[in-house]
């Protein structure tokens, strides 16, 4: 009888522990990209600047910024002859901290947009992480002429 009580108690303990809630950070961070705006135009030789507000309920960690070529401009003659290589800069990591961080006038990808790239529509991808590694993503299309 003692063994039966012990086994029942052990089973109940396993059930209670298995059903308990994890109180960790489960909410993803959030970003509001103020600039660039969707379909904003940029010239080769210019710069992409970021104005954004990053938020999290516990603590921010970082934002990883990438850019990818989407498609050629639908305007005839928009691409220069002989330039058919898309812009493929290295991923940019923006360190973040606290629960709220504003970024203003930050030059993306280290400088000027190269002249020798294919003009077209590009997608900026912002992957944001908090300290608990919860992800969030924001995307903005820009036009590089």
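Here is a list of conditions, (1) in contact (Cβ under 8 Å) with a residue 60 or more places away in the chain; (2) under 16 Å from the mean Cα position of the chain (by Cα); (3) part of a strand (DSSP E or B), and residue 50 meets all of them except one; can you say which number that is?
Only one criterion in (1) in contact (Cβ under 8 Å) with a residue 60 or more places away in the chain; (2) under 16 Å from the mean Cα position of the chain (by Cα); (3) part of a strand (DSSP E or B) is unmet by residue 50, namely (1).
Could you count how many residues in segment 114-127 are in a loop (DSSP other than H, G, I, E, B) and touching a strand residue (DSSP E or B) at 6+ places or on another chain (Cβ under 6 Å)?
First, the residues of segment 114-127 that are in a loop (DSSP other than H, G, I, E, B): 114-119.
Still in the running and touching a strand residue (DSSP E or B) at 6+ places or on another chain (Cβ under 6 Å): 119.
Number of matching residues: 1.
Looking at segment 128-138, which of the residues that are assigned to a loop (DSSP other than H, G, I, E, B) and surrounded by fewer than 18 Cβ atoms within 10 Å (Cβ to Cβ) is nearest to the chain's Cα centre (by Cα)? Working first, answer last.
Initial filter on segment 128-138 (assigned to a loop (DSSP other than H, G, I, E, B)): 131-134.
From what is left, the residues that are surrounded by fewer than 18 Cβ atoms within 10 Å (Cβ to Cβ) are 131-133.
Working: 131: 14, 132: 15, 133: 12 Å.
Applying the filter and picking the extreme gives 133.
Take segment 80-105 and flag every residue that is surrounded by 14 or more Cβ atoms within 10 Å (Cβ to Cβ) and assigned to a strand (DSSP E or B).
Result: 92, 94, 101, 103.
Please work out if residue 57 is part of a loop (DSSP other than H, G, I, E, B) and within 26 Å of residue 29 (Cβ to Cβ). If you could, list the steps in order and put the result at the bottom.
Working: part of a loop (DSSP other than H, G, I, E, B): yes; within 26 Å of residue 29 (Cβ to Cβ): yes.
Answer is yes for this residue.
With at pLDDT below 95 and outside any loop (DSSP other than H, G, I, E, B) as the only criterion, which of 18, 24 stands out? Walk me through it before giving the result.
Working: 24 fails: outside any loop (DSSP other than H, G, I, E, B).
The unique qualifying residue is 18.
When you scan segment 112-120, do you find a residue that is over 11 Å from the mean Cα position of the chain (by Cα), exposed (fewer than 13 other Cβ atoms within 10 Å of the Cβ) and more than 23 Å from residue 35 (Cβ to Cβ), even just one?
Yes, that holds for at least one residue.
The values are calculated or read from the model by the stated rules, or taken from the named source; none is laboratory data. Computed from a predicted model, the values in this text were never measured in an experiment. Glycine also receives a Cβ, built like all others from the backbone with ideal geometry; neighbour counts cover every protein chain displayed.
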